[in-house]
Amino acid sequence: MSTSTAPSPAGGRHDLRQAPKQELRPDRRRTRRHYDVIGLVTAVLMAFPVYWLVVSSLRPNHEIRSYDQTLWPSSLTLDNFARAVKQENFATAVQSSLIVSVTAVVGGMVIATLAALAIGRFRFLGRKALLMVLILVQVLPPTAMLIPIYAQLNAIGGLDEYWGLIVVYLVSTLPFAIVMIRGFVVNIPVELEESAMVDGCTRIGAFRRVIFPLLAPGLAAASIFALVNAWNEYLFAYILINDNSKYTLNVWLMTFTTERGTDYGALMAASTLIALPVVVFFMIIQKKMAAGLTSGAVKG
């Protein structure tokens, strides 16, 4: 079997087979190994609390309370999960979290998309000031706005109501979502939309057929942020909702602490169950989310 050759610049012939890859210099290999070690240690430190949560949910209660802790339980049990599911108001807490979180995420993405299109596509007075306000408002800590929000909701009858908590979660996620989605809008050429309209599409039709598919990565990234914010939030849910039948899951976790002590096994099991929906949602859209976190910040 013959080997392909080609003339060299000096007039000779040389082999076109792929040349072996150049090895990294010793100093660069050492640097890369250092980065690998740092990354591995960081990953272990971040994963260990999650590991301990899951393992503790599978330990018997007497082993959780023991002073002699081990990385792996001596025996596994599902009794903690059974007690967590049978805890009072578990079903209503799941219902409350789903109603509040899903409504806040869907509503937030719709409003954020429309606002991002307006800021990214149209020129109007105060556009840059509005964008700056959206960025600066994210610096404010939520606790600083707790009393004004409570007073306003109390004045309009929003306490102990799902819609009051939904409005709070929706508004709190809008600044980040608008800024992120706007980064995608400005990176989509206007010519694509104009070409669709020349071919007979209305502006809404051009958005649905051309713009919306290109915004999918940004929407995925913004939606996971909104879901985590609404699903895991505790402070506003605890202050604004006082009805036991409307507690969200994070507030419902308080029921595992009574005058007789804390049922740590059931508490860990319930916390594991609460984390599962966000993990599943993240796994479904992780590819689009990764693209959204990078592509949306290229320009604009």
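Among the residues that make up the range 150-167, is at least one of them open to solvent by less than 30 Å² (accessible area, probe 1.4 Å), under 18 Å from the mean Cα position of the chain (by Cα) and modelled with pLDDT of 90 or more? Within the range 150-167 (the criterion being open to solvent by less than 30 Å² (accessible area, probe 1.4 Å), under 18 Å from the mean Cα position of the chain (by Cα) and modelled with pLDDT of 90 or more), the answer is yes, since at least one residue qualifies. A residue that is touching a Lys or Arg at 6+ places or on another chain (Cβ under 6 Å) and surrounded by 18 or more Cβ atoms within 10 Å (Cβ to Cβ) occurs somewhere in the range 118-140. Right, LEU146: surrounded by 13 or more Cβ atoms within 10 Å (Cβ to Cβ) and not in a loop (DSSP other than H, G, I, E, B) or not? Yes, satisfied.
In the set (1) within 22 Å of VAL106 (Cα to Cα); (2) open to solvent by less than 80 Å² (accessible area, probe 1.4 Å); (3) over 22 Å from the mean Cα position of the chain (by Cα), TRP231 fails one condition alone, (3).
Pairing residues of the range 152-166 that are within 19 Å of ALA230 (Cβ to Cβ) with residues that are among the basic types (Lys, Arg) and open to solvent by 20 Å² or more (accessible area, probe 1.4 Å), at Cβ distances under 8 Å and at least 6 apart in sequence or on separate chains, gives ASP160/LYS246; TYR162/LYS246.
Here's the yes/no breakdown for (1) in contact with a Ser or Thr (Cβ under 9 Å, 6 or more places away or on another chain); (2) within 25 Å of ASN229 (Cα to Cα); (3) touching a residue at least 24 places away in the same chain (Cβ under 8 Å); (4) in a helix (DSSP H, G or I):
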{"position": "THR103", "(1), (2), (3), (4)": "no, yes, yes, yes"}
{"position": "MET109", "(1), (2), (3), (4)": "yes, yes, yes, yes"}
{"position": "VAL171", "(1), (2), (3), (4)": "no, yes, no, yes"}
{"position": "GLY205", "(1), (2), (3), (4)": "no, no, no, yes"}
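Within the range 186-199, is even one residue assigned to a helix (DSSP H, G or I), touching a residue at least 40 places away in the same chain (Cβ under 8 Å) and over 27 Å from the mean Cα position of the chain (by Cα)?
yes
Name the pairs: first residue in the range 261-277 and aromatic (Phe, Trp, Tyr), second residue buried (at least 17 other Cβ atoms within 10 Å of the Cβ), Cβ to Cβ under 6 Å, at least 6 apart or on different chains? Close Cβ pairs (under 6 Å, with a partner that is buried (at least 17 other Cβ atoms within 10 Å of the Cβ)) amount to TYR264/ILE64. When the residues of the range 73-100 are narrowed to those that are in contact (Cβ under 8 Å) with a residue 12 or more places away in the chain and in a loop (DSSP other than H, G, I, E, B), which ends up surrounded by the most Cβ atoms within 10 Å (Cβ to Cβ)? Filtering the range 73-100 for residues that are in contact (Cβ under 8 Å) with a residue 12 or more places away in the chain and in a loop (DSSP other than H, G, I, E, B), the one surrounded by the most Cβ atoms within 10 Å (Cβ to Cβ) comes out as GLN87. The helices (runs of 4 or more DSSP H) located wholly in the range 216-300 that include 2 or more residues which are farther than 23 Å from ILE99 by Cα, modelled with pLDDT under 85 and of a type outside the set (Asp, Glu) occupy 264-295. Counting the residues of the range 234-267 that are surrounded by fewer than 23 Cβ atoms within 10 Å (Cβ to Cβ) and touching a Lys or Arg at 6+ places or on another chain (Cβ under 8 Å) gives 2.
The values are calculated or read from the model by the stated rules, or taken from the named source; none is laboratory data. Note that the structure is a prediction, hence the values are computed from the model and not measured. Note that each Cβ is placed from the backbone with ideal geometry, even for glycine, and that neighbours are counted across all protein chains shown. Surface areas here come from the heavy atoms of the whole protein model, side chains and all, with no ligands, DNA or RNA. Shrake-Rupley method; radii C 1.70, N 1.55, O 1.52, S 1.80 Å.
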